[in-house]
Amino acid sequence: MKSRAAPDLTGLDALVVTKLWALQLVFQARLEQRLAEVGLTTAGFRLVGELMRAPEGMSQRALAQRLGVKAPTVSVAISRLEADGVVERVDDPDDPRAWRVRLTAKAPLGPGVALLEALEREAVGALSARDRRTLAALLTRVTNELASRSSP
């Protein structure tokens, strides 16, 4: 039986995707630490962020799609945030059998935005404004390219 040679992994550290992965891991850890200080989880913060973009509220299904998770996962997060007074369920004006989730006045929007801005200053504060714009544009292109290829 012929054994296969182990793949050469020496070039992995030079791959952009490994650098993006490392960035995501460090960013996630920092974000979780900061969110805990204001009483939020990453999942709750992402949900609040999506609702910030939809002041009229969103259905649970729409939230699940936007967050890339299953509806039961969103349901659990909604229940926690509702218990904390951050979100509320309201009747859906387009469907009398359904409801929408929307932010309450108690939602920590200001602290959340300030937290993201501070984290961004830490992450890219040493870059020039031009470099930050270039990085943002490149990351958007990479994200869009990958998203367009993963669609059925």
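Each reported figure results from applying straightforward, stated rules to the coordinates on display, with no laboratory input. Since the structure is predicted, the reported quantities are computational estimates derived from the model, not experimental observations.
With the Cα gyration tensor of segment 55-138 giving a ≥ b ≥ c as the square roots of its eigenvalues, does the rule (a/c under 1.5 for rounded; else a/b larger than b/c for prolate; else oblate) give rounded, prolate or oblate?
Details: a/c = 2.79, a/b = 2.10, b/c = 1.33.
Cα axes put segment 55-138 in the prolate bin.
For a quick check: with amide H placed at 1.01 Å from N, whose amide H comes under 5 Å from Ser59's, ignoring anything fewer than 5 positions away on the same chain?
Amide H to amide H, under 5 Å and 5 or more residues apart or across chains, Ser59 pairs with Val101.
Can you list residues from other chains, or at least 5 along the same chain, whose modelled amide H is less than 5 Å from the amide H of Val87?
Answer set, sorted by chain and number: Glu82, Thr104.
Note the listed values [x] 1.32; [y] 1.16; [z] 1.08, then indicate which one is Rg/Rh (Cα atoms, Kirkwood Rh) calculated from this particular structure.
The value computed from this structure is option [z].
Among Val16, Val74, Val38, which one shows the biggest mean-square fluctuation in a GNM of the chain, springs joining Cα atoms closer than 10 Å?
Largest GNM mean-square fluctuation: Val16.
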